[in-house]
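The next block holds one structure in the form of structure tokens; read it before the comments.
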Amino acid sequence: MPGFDDHFWMKEALVEAEKAEQKDEIPVGAVIVLNDECIARGHDLRETSGDPTNHAEMIALRKAAKKIGGWRLCDCEMYVTLEPCPMCAGALILSRVKRLVYGAPNLKFGAVGSQCNILSLSGFNHKVEVTPGIMAKECGAILTRFFKNKRNEIQG
């Protein structure tokens, strides 16, 4: 639909991040968009599931593939609140996602510029277009709040 832009979809990803936070998961959210329609959503569920691959991006990729009936997500765009880790960046290449839009940088594990840039390596047969920093302040704020609360819990 006309009027949907990067900020609109990042706000949707933030809704997913809030769902993760409510479950005491790291508040990262992702949505996948195809032709201006959200076809998949995900938020971190590693703690809940005990599965180290249950990052928001991986969950959204699985749902999108199921929705369209195949693993090639060539015309899809992913919006995620935090810069993807190496696993998720690799999955974006393997699933042929057209474009990645992310919010906050991931200074510890980011694989789209912060620690390394998997998406810029020349040997892969697919290139993902990247738009960083959309609503970075808002995306970073939910993470900062979450980890501050965790530290306060530990300190009693």
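The values are calculated or read from the model by the stated rules, or taken from the named source; none is laboratory data. All figures in this text were calculated on a predicted structure; none of them were measured in a lab. Note that we place each Cβ from the backbone using ideal geometry, even for glycine, and neighbour counts take in every protein chain shown. Surface areas here come from the heavy atoms of the whole protein model, side chains and all, with no ligands, DNA or RNA. Shrake-Rupley method; radii C 1.70, N 1.55, O 1.52, S 1.80 Å.
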**Prompt:** Considering every Cα-Cα pair within the chain, what fraction, in whole percent, is farther apart than 21 Å?
**Reply:** 40
**Request:** Would you mind telling me which residue in 112, 31, 128 has the biggest mean-square fluctuation in a Gaussian network model of the chain, where springs connect alpha carbons within a distance under 10 angstrom?
**Result:** 128
**Complete:** Per residue, accessible area of segment 61-156 with a 1.4 Å probe, heavy atoms of protein chains only, in Å², comes to 56
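In segment 41-143, what chymotrypsin sites (Phe, Trp or Tyr not before Pro) fall in a loop by DSSP, with at most 13 other Cβ atoms inside 10 Å?
71, 124
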**Item:** Accessible area of the chain belonging to carbon and sulfur atoms, whole % at 1.4 Å probe
**Value:** 55
**Request:** For residue 153 paired with residue 5, estimate the spin-label separation in nm (one decimal), with each label point 7 Å from Cα along the Cα-to-Cβ line.
**Result:** 3.7
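For residue 23 and residue 53, FRET efficiency with R0 = 22 Å and r from the beta-carbon atoms, rounded to 0.05?
0.85
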